[in-house]
């Protein structure tokens with residue numbers, strides 16, 4: 001992280017004036033929708049304007065991607081979901097990608113959409129997942145994962161450039177920014193260039209604006225323009241049809257984070273490892289109707305993922321950098337997933353998990369800096385006084401704490417079992433031996449049987465680098481011992497200090513964990529128990545001598561503390577292609593990374609498996625299934641398995 005990188009903070013929220021039920025943007029002095037007729041106008045201009053319902057019946061087996069400029073009140077999205085629910089089967093899965101630079105608050109969004117009772121259920125589902133204005137990409141799921149909403153919170157030029165860099169392919173555009181005279185940036189040349197790059201032949205766009213400038217800008221970029229009857233008093237609206245695929249987007253950088261090989265949607269994926277990494281990957285793939293076999297000789301979550309309790313942890317970034325940016329987005333995504341698993345009883349409240357909140361110590365001289373970073377993000381975290389912290393935790397605390405109201409504790413083994421209970425997942429108790437490429441498939445050789453797969457994912461924690469030897473993954477194992485102690489019944493929330501403690505389950509707390517570098521001892525040690533007890537006593541002034549049990553696990557960590565997620569590089573070919581970087585680290589080499597066809601990895605979750613795992617698994621499944629990605633280019637690079645080899649080459653320059 002550079003001290004010159006931008007401060008990490010909330011996006012500015014939309015400032016709203018209300019005229020009855022109609023929201024008016026103070027930022028752009030324009031209405032969000034037609035007073036009294038917003039739903040009908042949205043349906044006419046965008047849904048029917050792009051002829052979307054009729055196109056769904058023609059693309060029933062595919063994914064239909066809608067891109068939107070300006071999420072606003074979410075009305076266009078809700079109208080589209082309503083139409084999708086009413087459309088006859090078969091119909092495609094729906095992926096809705098939208099950018100918003102000034103997100104509405106949840107309260108304003110609720111008020112804006114409450115005008116239409118028929119949207120109530122859709123609105124409630126949206127509000128249950130609606131994120132704080134944390135900059136970056138937020139993925140939301142609807143209708144049993146048949147509908148995906150990617151909310152890109154940030155500047156429109158940044159977001160659309162990301163879409164172009166990530167090769168987003170859109171079927172229809174909702175060009176719904178405020179009028180060009182009110183918000184010129186939404187109609188800037190670069191924005192429309194990016195839209196054109198994301199628009200294959202046959203892609204459509206519609207907008208209420210028929211301004212000559214808008215027509216000319218779209219026409220110059222390969223869209224055939226047509227005027228259609230407008231809504232209400234507006235005589236005309238614009239319809240545009242892309243004539244050809246257009247030019248490929250030119251990255252002003254070496255695309256080493258992209259794979260040079262592509263494969264069709266897999267029918268069967270084999271995952272090596274049934275810990276947190278493998279479970280999250282398997283679940284994300286299975287909910288896409290992909291058959292998954294998970295191989296682990298020892299069973300579910302028996303290695304590093306087998307601790308009795310873990311905390312959903314988040315560190316508040318000071319400035320924008322991949323580690324902090326990914327951590328905040330992953331925390332938002334993870335807590336939403338756990339909330340859903342608890343609501344659907346896949347996890348049992350108070351037994352398998354509890355989002356009871358988490359209190360974390362912080363250096364008191366950084367309080368004002370933390371307040372600045374957290375301004376506008378009340379659902380992420382806030383500083384509470386020692387008195388409020390004591391009331392939240394049930395214990396007397398002597399200093400202000402950082403409170404994460406959406407956090408809590410999870411029993412990792414119960415979580416893995418819940419994730420792997422999907423009917424598309426099969427557990428295989430066997431020992432993986434080797435991988436053999438065979439024509440268009442992969443042969444997975446095990447001690448007792450062989451499996452055939454379209455893709456293979458290595459997610460075996462500290463064993464991954466030994467199983468996938470050709471990739472040269474620089475992971476390391478860090479020993480951690482947890483200790484079980486008798487219940488302290490007053491503790492009501494998770495507490496993180498130099499160690500951690502969560503509310504008791506079955507009369508016991510799990511505390512810890514030690515952080516033992518370069519220590520390969522698999523046996524529990526009384527000295528490690530004492531270390532955990534000493535940290536707890538220093539924090540809570542509790543003298544607890546009884547130890548009911550202990551457990552040793554080994555975290556799989558990386559040099560930059562970020563997970564490794566993506567296609568495995570072909571190391572020899574990578575060095576041949578990118579060898580010029582040894583002499584000039586800034587040289588642009590216009591070739592994607594040579595990878596091992598159909599072979600992926602998800603590892604290096606470290607001590608943040610409960611936080612990083614859900615988004616890492618979702619990202620990996622999106623890559624494998626060739627879907628729109630839920631991360632910006634910088635984060636795709638930051639997680640790429642090729643990053644270590646590229647850094648090594650550049651250091652030599």
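Bear in mind that the values in this text are calculations on the coordinates, not laboratory data. Given the structure is predicted, the values throughout are model-derived calculations rather than measurements. All Cβ positions, even for glycine, are placed from backbone atoms using ideal geometry, and neighbour counts span all protein chains on display.
Worth a mention:
- Where only alpha carbons of segment 261-345 are counted, the Rg and the Dmax (Å): 15.7, 43
- Our summary gives segment 16-242 a relative contact order of 20 percent, counting only alpha carbon pairs under 8 angstrom and 6 or more residues apart.
- Label-point separation in nm, residue 508 to residue 439, each point 7 Å along Cα→Cβ: 5.2
- Helix-only arithmetic for the chain: the sum of -39500 (n - 2.57) across DSSP H runs with n ≥ 4, divided by the residue total, places the mean residue ellipticity at 222 nm at -8000 deg cm²/dmol.
- With neighbour counts taken as other beta-carbon atoms within 10 Å, the residues 244, 29, 176, 516 rank, fewest first, as 244, 29, 516, 176.
- Using the Cβ-Cβ distance between residue 185 and residue 634 with R0 = 22 Å, the FRET efficiency computed as 1/(1 + (r/R0)^6) comes to roughly 0.55.
- Beta bridges assigned by DSSP with both partners in the chain are antiparallel in approximately 60 percent of cases.
- Spherically averaged projected area of the chain from its Cα convex hull (nm²): 29.7
- DSSP-defined antiparallel bridges as percent of all bridges, segment 16-242, nearest 5: 55
- Translational diffusion of segment 509-606, µm² s⁻¹ [Kirkwood Rh, Cα pairs; Stokes-Einstein; 10 °C; 1.306 mPa s]: 89
- Separation of segment 184-239 from segment 265-308 is 44 Å, based on Cα centroids.
- Taking 361, 161 and counting other C-beta atoms within 10 Å, the order from fewest to most: 361, 161
- Centroid-to-centroid, using Cα positions, segment 425-504 and segment 70-149 are 35 Å apart.
- Per residue, the Cα convex hull of segment 43-161 amounts to 105 Å³.
- Rg over Rh [alpha-carbon atoms, Kirkwood Rh] for segment 1-96: 1.11
- Extension gain from residue 541 to residue 561, taking 0.36 nm per residue of separation minus the Cα-Cα distance: 4.0 nm
- Once C-alpha pairs closer than 8 Å and six or more residues apart are averaged by separation and normalised to the residue number of the chain, the relative contact order reads 14 percent.
- Counting only the Cα atoms, segment 16-242 fills a convex hull of 115 Å³ per residue.
- Ranking of 54, 441 by count of other Cβ atoms within 10 Å, fewest first: 54, 441
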